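Here's the structure, in structure tokens; my notes come after.
The values are calculated or read from the model by the stated rules, or taken from the named source; none is laboratory data. It should be emphasised that the depicted structure is a prediction, and the values quoted were computed from it without experimental measurement. Cβ atoms come from the backbone with ideal geometry, glycine included; neighbour counts cover every protein chain shown. What goes into the accessible areas is simple: the full protein's heavy atoms, side chains included, and nothing from ligands, DNA or RNA. Shrake-Rupley method; radii C 1.70, N 1.55, O 1.52, S 1.80 Å.
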Amino acid sequence: MPSTIPFDTRGVFVGGRWTAPSSGQTLPLFNPSDGTTLAEIARGGAADVDAAVQAAQEALDGDWGRLTAAERGRLMLKASALVLEEADELARLEALDVGKPVKQARADAVALGRYLEFYGGAADKVTGETIPFANGYTAFTWREPHGVTAHIVPWNYPMQIIGRSVGAALAMGNACVLKPAEEACLTALAFARIIERAGLPAGALNVVPGLGEEAGAALAGHPGVRHVSFTGSVAVGALIQTAAAKNAVPVTLELGGKSPQVVFADADLDTALPFLVNAGIQNAGQTCSAASRILVERPVFDQVVGMMAERYRALRVGPALDDLDVGPVISARQRDIVTGYLELVKTSGLRVAAQASLPAALPAGGFYVAPTLVANVNSSHRVAQEEIFGPVQAVIPFEGEAEALEIANGTPFGLVAGVWTRDGSRALRMARRLQAGQVFVNNYGAGGGIELPFGGVKHSGHGREKGFEALYGFSSLKTVAIKHD
Ligand code: NAD
């Protein structure tokens with residue numbers, strides 16, 4: 001085991017114990033910054049998932065299920081404090097594993113701590129209501145945990161997604177089985193260790209690393225699971241929903257996006273500029289809510305492209321631990337997908353407004369792609385329609401609100417949208433008509449938005465995570481009607 005990882009990464013965490021997976025096999029984790037093998041992780045499978053679901057059910061029937069909401073919240077606050085204490089180390093692990101610059105990884109660690117704080121604090125604040133009903137009755141509602149919840153997460157923001165999904169589920173008293181992505185799962189393992197040290201009862205959280213089609217598929221279709229939360233691609237989301245449907249189990253699907261930021265001619269362009277660029281290149285563009293389309297009103301189109309191009313040319317690309325602006329993408333496969341789109345840009349004759357340069361000294365085995373700004377893209381072109389999941393932004397001109405809306409809403413996705421304007425009425429009209437789960441006006445992303453419900457419409461998914469709303473998703477409403485005279 002390489003010494004840079006200070007714990008054994010090869011186990012599954014089931015019922016409070018670390019054991020070898022039943023396959024007896026491991027999978028390699030690669031360091032995207034140089035392509036070397038970083039660690040070996042467990043190749044968990046159906047038998048491990050079965051044991052994890054059973055352990056979670058036992059926790060619900062035992063020590064975890066007996067805790068009051070306030071006691072659950074207190075344990076989560078303890079876990080939050082441990083995460084924040086260890087934020088530097090968690091950031092280092094995430095940077096090594098995902099390839100994102102350390103400062104971006106550190107923001108993710110702080111977000112994980114904040115999710116545990118938010119949901120730990122909320123655990124004892126979810127109430128039901130009394131309902132005016134027939135004479136002689138008292139009727140009211142309770143919110144109950146679903147039971148065992150499944151959490152299947154991707155590689156791009158492991159800590160943030162674990163925080164928002166597992167955090168809300170634990171707060172409502174569910175017991176969780178987490179399947180991290182096979183490409184990046186070090187912080188999921190570190191998180192399990194923190195949960196152990198915070199003193200959550202055995203089985204409240206179980207972690208089964210492994211391949212999607214093995215551990216992931218077994219978990220999504222397990223008859224003992226009562227809710228599935230999935231974050232990932234549209235194609236796998238459809239498989240998850242189909243598997244869950246066979247058990248009549250609700251799902252939350254957080255899928256992809258092709259999110260627009262719409263810049264009107266009256267916008268404060270200097271304020272907008274860093275948001276326009278960062279939302280495209282953060283985490284090398286591998287962000288579900290990346291603003292991969294920038295729609296600009298014609299009178300300021302050339303000016304905005306010029307301002308963005310200047311920033312692109314100054315971007316510094318390098319290994320995650322060098323903590324520059326942009327790191328590598330996650331894998332050779334992802335690099336090939338993104339460079340395939342860059343080829344398409346070339347063969348379609350699209351205008352490359354700017355491209356950051358890749359330093360000659362980059363580690364040869366790393367998965368680097370030059371951040372690229374493509375201008376004057378027709379909104380029906382594949383580069384403006386498909387989720388590239390790399391540091392590539394398409395700038396699209398428009399004239400007036402109606403065309404802006406037609407272009408912004410004209411993809412299969414609807415995750416996040418941004419509007420830049422000084423006209424308050426227009427901002428509200430746009431916010432109302434944009435097809436997206438979140439709309440930001442004169443900002444974008446708002447620092448992660450732990451408190452802000454998040455999720456998509458159309459192919460970006462359904463269900464909401466983050467904020468108080470997630471607590472409703474991770475619980476089931478029971479109505480009680482008592483006849484007393
Ligand atoms: P992916 O769908 O390939 O994998 C996501 C997870 O699903 C992984 O843990 C994987 O092992 C598992 N999985 C794969 N096949 C499975 C199967 N047959 N059954 C069960 N589980 C399976 O996605 P990815 O490529 O890792 O992530 C990128 C995608 O995730 C992008 O489309 C991105 O937009 C999306 N994403 C969305 C959000 C959001 O909140 N909306 C956040 C991050 C990423």
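Annotations
- Considering only the Cα atoms of the stretch 162-253, their convex hull presents on average a projected area of 5.7 nm².
- Rg and Dmax over the alpha-carbon atoms of the stretch 260-450 stand at 16.0, 52 Å.
- With all protein chains modelled, accessible area of LEU84 [1.4 Å, Å²]: 80
- Here's the picture: charge each Lys and Arg Cβ at +1 and each Asp and Glu Cβ at -1 in the chain, and of PHE133, ALA272, VAL345 the one pushed furthest to the positive end of that dipole is PHE133.
- Here the chain exposes an accessible surface that is 53 percent carbon and sulfur, computed with a 1.4 Å probe and the other protein chains kept in place.
- With all protein chains in place and ligands, DNA and RNA left out, the 1.4 Å accessible area ranks ARG351, ARG464 as ARG351, ARG464, largest first.
- These residues, LEU239, LEU342, LEU93, go from largest to smallest accessible area, 1.4 Å probe, as LEU239, LEU342, LEU93.
- Nearest-10 value in Å² for the accessible area of CYS288, using the 1.4 Å probe: 30
- Entries in LYS258/LYS466; LYS103/LYS179; LYS78/LYS258; LYS179/LYS258; LYS78/LYS179; LYS78/LYS103 that, when Cα-Cα distance is taken, lie over 29 Å: LYS78/LYS258
- Figure note: LYS246, LYS179, LYS478 ranked by solvent-accessible area, largest first, 1.4 Å probe, ligands and nucleic acids not counted: LYS246, LYS478, LYS179.
- Global size of the stretch 433-485: 16.5, 58 Å for Rg and Dmax (C-alpha atoms, Rg to one decimal, Dmax whole).
- Nearest-10 value in Å² for the accessible area of MET307, using the 1.4 Å probe: 40
- Assigned charges on the beta-carbon of Lys, Arg, Asp, Glu; the stretch 200-350 dipole about Cα centre (debye): 460
- Taking 0.692 mPa s as the viscosity and 37 °C as the temperature, the Stokes-Einstein diffusion coefficient of the stretch 331-402 based on its alpha-carbon Kirkwood radius rounds to 247 µm²/s.
- The chain: angle of helix 332-347 to the longest principal axis, Cα-based, in degrees nearest 10: 30
- Rolling a 1.4 Å probe across the protein heavy atoms gives the stretch 260-450 an accessible surface of 40 Å² per residue.
- Put simply, the chain fits an ellipsoid with semi-axes of 38, 29, 19 Å; these come from the alpha carbon gyration tensor as the roots of five times its eigenvalues, largest first.
- With the simple spin-label model, which puts each label point 7 Å out from Cα in the Cβ direction, the THR271 to GLN303 separation comes to 1.5 nm.
- Rounded to whole Å, sorted largest first: equivalent-ellipsoid semi-axes of the stretch 1-125, Cα gyration tensor: 28, 24, 10
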